[in-house]
Amino acid sequence: SQQGEEDPQALSIQEGENATMNCSYKTSINNLQWYRQNSGRGLVHLILIRSNEREKHSGRLRVTLDTSKKSSSLLITASRAADTASYFCATEHTGGFKTIFGAGTRLFVKA
Amino acid sequence: DTGVSQDPRHKITKRGQNVTFRCDPISEHNRLYWYRQTLGQGPEFLTYFQNEAQLEKSRLLSDRFSAERPKGSFSTLEIQRTEQGDSAMYLCASSLLLGSVATNEKLFFGSGTQLSVL
């Protein structure tokens, strides 16, 4: 089963706009991660936020975590056509060491 | 390139045949994971190893699936008597667990093996 649920399932924006994706999960976590996947390829790690952190930045990426609401968001600023991909949130829940992925958000950035 | 490599990239087989996939993790990584992904879905956890020990196996994994990691290096995933429902991308990932730190760090994924069962 999948732990996280991403919202929206698909997102289409113009180059230069910001893209926001949300993730909700069900159980207590040690950390939450975001991954990116280009079509037919493996996943690439983008950013990790620990359960005691509320916000983290990496380049054009900003991740927030609200453990009281069991939710996270990923913001990509000034999007580029090359950002077109699927984005997955993944959680490592307390008491277990496996990482569980959500169903993903498909982002399409139009040039 | 010292990333995670998977072989083969593509496998087409007939229903009822056995298939075996191989994963070579990043050399110093002690954790290795297998996931399965179908079109439009996120990766689904199958099993993971810490060194050569298989620590967890998904309840969704039938007896037809078996994984090994001899000597704690490369891993193989075998599917016996394949069914059409086994058609998917099989992804391998590795990570490094440092000392007694219990939490996982980021996973490094291979490009996957795309299985098609006819």
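Computed FRET efficiency, Cβ-Cβ of B:GLU28 and B:ARG59, R0 25 Å: what is it to the nearest 0.05? Rounded to the nearest 0.05, the efficiency is 0.20. Net charge in the neighbourhood of A:LEU48 (other residues with Cβ under 12 Å of its Cβ; Lys, Arg +1, Asp, Glu -1) is 0. Using a 7 Å offset from Cα along Cα-Cβ at A:LEU61, what residues in segment A:7-24 end up with backbone N under 15 Å from the label point? From segment A:7-24, the list is A:19-23. Net charge dipole, the protein assembly as shown: roughly 200 debye, given to the nearest 20, about the Cα centre with Cβ charges of +1 for Lys and Arg and -1 for Asp and Glu. Between B:GLU68 and B:GLU52, the modelled labels are 1.1 nm apart [label points 7 Å from Cα along Cα→Cβ]. Taking Cα centre as origin and charging only the Cβ of basic (Lys, Arg, +1) and acidic (Asp, Glu, -1) residues, the dipole magnitude of chain A rounds to 160 debye. Ordering A:SER51, A:ILE76, A:SER12 by Cα displacement along the dipole of chain A toward the positive end leaves A:SER51 in first place; charges were set at the Cβ atoms of Lys, Arg (+1) and Asp, Glu (-1). If you look for lysine pairs in the protein assembly as shown that are eight or more places apart or on different chains, how many of them have Cα atoms under 19 Å apart? Lysine pair count for the protein assembly as shown: 10. How big is the gap, in Å, between the Cα center of segment B:50-92 and the Cα center of segment A:83-100? Here the two parts' Cα centres lie 20 Å apart. Distance between the pseudo-spin-label points of A:LYS26 and B:ARG15 (7 Å out from Cα toward the beta carbon): 3.1 nm. Counting every other Cβ atom within 10 Å of each residue's Cβ, A:ARG62, B:ARG31 order from fewest to most as A:ARG62, B:ARG31. Remark: chain B carries a charge dipole of roughly 320 debye about the Cα centre, counting +1 on each Lys and Arg Cβ and -1 on each Asp and Glu Cβ.
With a simple spin-label model that places each label point 7 Å from the Cα along the Cα-to-Cβ direction, the separation between B:LEU96 and A:LYS110 comes to 4.4 nm. Scalar couplings 3J(HN,Hα) for segment A:6-21, obtained by applying the Karplus form with A = 6.51, B = -1.76, C = 1.60 to θ = phi - 60°, are 9, 9, x, 6, 9, 9, 10, 9, 8, 4, x, 7, 8, 10, 10, 10 Hz; x denotes Gly and Pro. Here A:LYS69, A:LYS26 are placed in order of increasing Cβ neighbour count within 10 Å, fewest first, which gives A:LYS69, A:LYS26.
Just so you know, all these numbers are worked out from the coordinates, no wet-lab data involved. Owing to the predicted nature of the structure, the values given are computational and were not obtained by experimental measurement. Because the Cβ atoms are built from the backbone with ideal geometry, glycine has one as well, and the counts that use them run over all protein chains shown.
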